[in-house]
There are 2 protein chains.
Amino acid sequence: MKNINNLFFDRESPAGRIVRGLAAFGAATAGQLAKSTGLGRSTISAVLSDLRDAGAVLDVEAKTNGQGRPSQLLSLNPASGRCAGVLLGLGEIRIVICDMTHAVLSDVWIPIRRDYTPEEAADQVRESLQTQCAPLGLAIGDLLGVGVAISAPLSYGGRVLNGDILPGWAGVDLAEIFSKRLDCPLHAENESHCGALAEMTWGAAVGESDFVLYKFDLGVGGAIVRDGTVLRGVSGSAAEFGHVVLEPEGRYCRCGNRGCLQTYVGGYYLLRHAEELSGGPVTIEQFIDRAREGRIGYRRLVEDAATKAGWGMGMTATMINPPLFIIAGKLATIGPSFLEPLERSFRRTMLPQPDLPGLQTPRLAVARFLGNDDTVMGAVALVLRQHGRIAEGKTPASL
Amino acid sequence: MKNINNLFFDRESPAGRIVRGLAAFGAATAGQLAKSTGLGRSTISAVLSDLRDAGAVLDVEAKTNGQGRPSQLLSLNPASGRCAGVLLGLGEIRIVICDMTHAVLSDVWIPIRRDYTPEEAADQVRESLQTQCAPLGLAIGDLLGVGVAISAPLSYGGRVLNGDILPGWAGVDLAEIFSKRLDCPLHAENESHCGALAEMTWGAAVGESDFVLYKFDLGVGGAIVRDGTVLRGVSGSAAEFGHVVLEPEGRYCRCGNRGCLQTYVGGYYLLRHAEELSGGPVTIEQFIDRAREGRIGYRRLVEDAATKAGWGMGMTATMINPPLFIIAGKLATIGPSFLEPLERSFRRTMLPQPDLPGLQTPRLAVARFLGNDDTVMGAVALVLRQHGRIAEGKTPASL
């Protein structure tokens, strides 16, 4: 068995495109590869044959649609390459290592002070990655890449664009701080963008090339996916739905503006109201439990928040008119008392659509990942999908 | 000289792609064609040589950047094909015929009752097109296509999605009504989407592959352009910025919702206020003149409208984070008393961007087309860029 590092980083060759296609899918048929790479069937067939001979590609279970000959599913050899995903969260760091079939080989959760510095985070990631790689017979430099998900918009070069969730991190150069400590390719992106990649790869958006994701958690974030690509915008801050201004004279927001959607729906803000109600500290988990129980006080709080959430999504629907909205984040686990008023408000605020036969209109779905698995697995997907590269690392080992 | 009908409609061949590239540009260098078609230089060179021999492509003035050998500009032979653009406006129809170098060969403006029906419009278009084609030695069936711009969102099949501006037209099947009367390929799109195509082809967005256009006129519309394509969304109503809900309990809007941006900024609504001020009917042209003069009463009206306009654009900037906004529509001709409060409000409502060296943020520009030239020329561009096809017409004549 060979490792696939060279092919994985080859932007142009058919073999490189097929290897990256298989990495993104985990397992795929030749037909799916033809569609995703744009290569002809005969080219794909020839390249797959070579990759099979080199031990880099394996035939896995056959896929059948119930009639006709089953299509052969292919995957990369699990041992042909590994990558890591890192979640830099509020008071926590989580690090996952996956193989090329997307199997999780190692998953470590590290509690840390809420005000940890970027340097501390990078040291911690390096130390944990070394410990996690060792039993796999790897060094960090053998990884195809490390993906980092962070609760902030990021510039293309890897600069943190605001300190809304991680106040000390505004302006920090992630590329510099992490590449000093990790000698492999580095990717980094906003956590909601990572969440969209996770939903595309394993969740509610598999096979969807165009959708919008809204994430309602401690903050409010999101992603716009167009033609299978997460849009980043000119500065990197696309889809910062939490900062859409609902009321220009509203409450001050951490971003520096007023009346942002987040100040009505963000968990941070909801918790403050909940603390007034209960006269003591409330965690987001407690908040969700009480909201689910339908406690008085929480009912109206959740309904009003959901109504604002639906308004934000309705405006996005009028602007972008996407086929699908995915609702993610912990608040979605509240269930119908959050989702129903959200949908009512969404339908009332998006441009009314006429009843024409066959006319498609935006539909809503709940994400598969509602904890923080979306974020850390999305960080893995950054590497698998070659999105958000901020540093090259050393030259990968050859095939 | 041959006509290019067959090649123009050939989706796959290199010659078809080059012909459509030249049609979209009007005139282009081989380098520009390589970039826009994705074809290799040698293929382009060989195809251009054949097209030159057939008389379909001409060498025009050479282009120089001041140093080195000038690049040869190429265009289609003007006589190799013609297309038409039709504006279906409020109380007016305008029809333009262009050749393949984008030269306007005929431009007719027809006043008509405000409540004209789709059938009357189609009859009128047919009659005028016949009259306009005759001196060019053409029949309607010889045109490469007719593009129709209409003040409403349209479904992919050519159904009018609302009667916001043209109340009797909601649900109308443009494809059926027009294809009965015009035996050539038909294209149709929302007028603001056409405006964006006009700006991309001849105006403030030449060379820009990603931008957002806001059009402030009697209504408020817009377009989102991504990778050189005007987004249409799942139902066809993408970028209906006029119907973004600023206040869920605001004034009722013609679309069926409340508090839409249009109810604060749309010319229709502003004229009602102006009529209260002056005690008599006011046209949009009078409104603009008085606003430009800075008449008391108009000052605050324009400033408040511009502030709402900037808020809508700020929200779009937070959501999409595009590199460029283009401000179009007659209200933009008011000048600084509209544009300055708009920009202030825009900067205050978009997600604040940090001062990082090299960080790009969305910039504003005023459209080139501020009358209704954008709409009728954009309708021509529908054909040139093969956007919004709703009916095939007869098989085009062969090369």
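For the range B:93-106, a residue qualifies if it is in contact with a strand residue (DSSP E or B) (Cβ under 8 Å, 6 or more places away or on another chain) and either assigned to a helix (DSSP H, G or I) or free of Cβ contacts under 8 Å to residues at least 60 places away in the same chain (or both), and the qualifying residues are B:93, B:97, B:99, B:104, B:105, B:106. Under the condition of being hydroxyl-bearing (Ser, Thr, Tyr) and more than 12 Å from chain A (Cβ to nearest Cβ), the residues counted in the range B:287-312 number 1. Scanning the range A:91-109 for residues that are under 22 Å from residue A:160 (Cα atoms) and exposed (fewer than 15 other Cβ atoms within 10 Å of the Cβ) yields A:91, A:92. Across the range B:224-233, the number of residues qualifying as within 11 Å of chain A (Cβ to nearest Cβ) and either closer than 27 Å to residue B:173 by Cα or modelled with pLDDT under 95 (or both) comes to 6.
For every residue, the table says whether it meets (1) in contact with a helix residue (DSSP H, G or I) (Cβ under 6 Å, 6 or more places away or on another chain); (2) without any contact (Cβ under 8 Å) to a residue 40 or more places away in the chain; (3) assigned to a loop (DSSP other than H, G, I, E, B); (4) not aromatic (Phe, Trp, Tyr).
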position	(1), (2), (3), (4)
A:168	no, no, no, yes
A:171	no, yes, yes, yes
A:184	yes, no, yes, yes
A:192	no, no, no, yes
A:197	yes, no, no, yes
A:206	no, yes, yes, yes
A:232	no, no, yes, yes
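Take residue A:301 and tell me if it is touching a helix residue (DSSP H, G or I) at 6+ places or on another chain (Cβ under 6 Å) and either of a type in the set (A, V, I, L, M) or under 25 Å from residue B:313 (Cα atoms) (or both). The answer is yes for residue A:301. Among the helices (runs of 4 or more DSSP H) confined to the range B:14-85, the ones with at least 2 residues that are free of Cβ contacts under 8 Å to residues at least 24 places away in the same chain and loosely packed, with under 15 Cβ neighbours inside 10 Å are located at B:41-53.
Looking only at residues of the range B:145-161 that are in a loop (DSSP other than H, G, I, E, B) and within 14 Å of chain A (Cβ to nearest Cβ), we find that the one that is farthest from residue B:242 (Cα to Cα) is B:157. Out of B:385, B:363, B:368, one residue alone is crowded, with 20+ Cβ neighbours inside 10 Å and basic (Lys, Arg). It is B:385. Residues that are in contact with a helix residue (DSSP H, G or I) (Cβ under 6 Å, 6 or more places away or on another chain) and of a type in the set (D, E, K, R) were ranked within the range B:234-262; the one that is surrounded by the fewest Cβ atoms within 10 Å (Cβ to Cβ) is B:251.
Is it fair to say residue A:263 is under 20 Å from residue A:337 (Cβ atoms) and of a type in the set (Ser, Thr, Tyr)? It is false that residue A:263 is under 20 Å from residue A:337 (Cβ atoms) and of a type in the set (Ser, Thr, Tyr). In summary, helices (runs of 4 or more DSSP H) completely within the range A:279-395 and bearing 1 or more residues that are basic (Lys, Arg) occur at A:284-293, A:298-320, A:336-349.
State whether one or more residues within the range A:248-261 are within 30 Å of residue B:250 (Cβ to Cβ), free of Cβ contacts under 8 Å to residues at least 60 places away in the same chain, more than 14 Å from chain B (Cβ to nearest Cβ) and within 21 Å of the chain's Cα centre (by Cα). Checked against the condition, which is being within 30 Å of residue B:250 (Cβ to Cβ), free of Cβ contacts under 8 Å to residues at least 60 places away in the same chain, more than 14 Å from chain B (Cβ to nearest Cβ) and within 21 Å of the chain's Cα centre (by Cα), the range A:248-261 yields no hits at all. Considering the range B:212-223, and only residues there that are more than 18 Å from residue B:382 (Cβ to Cβ) and assigned to a strand (DSSP E or B), the residue that is farthest from the other protein chains (Cβ to nearest Cβ) turns out to be B:216.
Per-residue answers, yes or no, for (1) within 21 Å of residue B:93 (Cα to Cα); (2) more than 14 Å from the chain's Cα centre (by Cα):
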residue: B:173; (1), (2): yes, yes
residue: B:190; (1), (2): yes, no
residue: B:204; (1), (2): no, no
residue: B:211; (1), (2): no, no
residue: B:225; (1), (2): no, no
residue: B:229; (1), (2): no, no
residue: B:234; (1), (2): no, yes
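Scan the range A:327-364 for residues that are among the hydrophobic types (A, V, I, L, M, F, W, C), more than 14 Å from every other protein chain (Cβ to nearest Cβ) and either in contact with an Asp or Glu (Cβ under 7 Å, 6 or more places away or on another chain) or closer than 20 Å to residue B:162 by Cβ (or both) and the total you get is 2. Taken over the range B:304-342, the residue count meeting the criterion of being surrounded by fewer than 18 Cβ atoms within 10 Å (Cβ to Cβ) and over 23 Å from the mean Cα position of the chain (by Cα) is 4.
For residue B:397, the test of being modelled with pLDDT under 95 and under 30 Å from residue B:23 (Cα atoms) is passed. Checked against (1) at pLDDT below 95; (2) crowded, with 18+ Cβ neighbours inside 10 Å; (3) away from every other protein chain (no Cβ under 14 Å), residue B:142 meets all criteria but (2). One residue stands out in the range B:234-247 among those that are part of a loop (DSSP other than H, G, I, E, B) and aliphatic (A, V, I, L, M): the one that is farthest from the other protein chains (Cβ to nearest Cβ), namely B:246. Cβ separations smaller than 6 Å between residues 6+ apart or across chains give no pair from the range B:349-369 residues that are more than 20 Å from residue B:336 (Cα to Cα) and in the same structural domain as residue B:311 (by TED's automatic domain parsing) to residues that are among the basic types (Lys, Arg) and surrounded by fewer than 17 Cβ atoms within 10 Å (Cβ to Cβ).
Checked across the range A:313-324, the condition of being under 26 Å from residue B:157 (Cα atoms), without any contact (Cβ under 8 Å) to a residue 40 or more places away in the chain and either away from chain B (no Cβ under 14 Å) or of a type in the set (A, V, I, L, M, F, W, C) (or both) holds for at least one residue.
The values are calculated or read from the model by the stated rules, or taken from the named source; none is laboratory data. Here the structure is a predicted model, which is why all the values come from computation and not from measurement. Cβ coordinates were reconstructed from backbone atoms using ideal geometry, including for glycine residues, and neighbour counts include every protein chain displayed.
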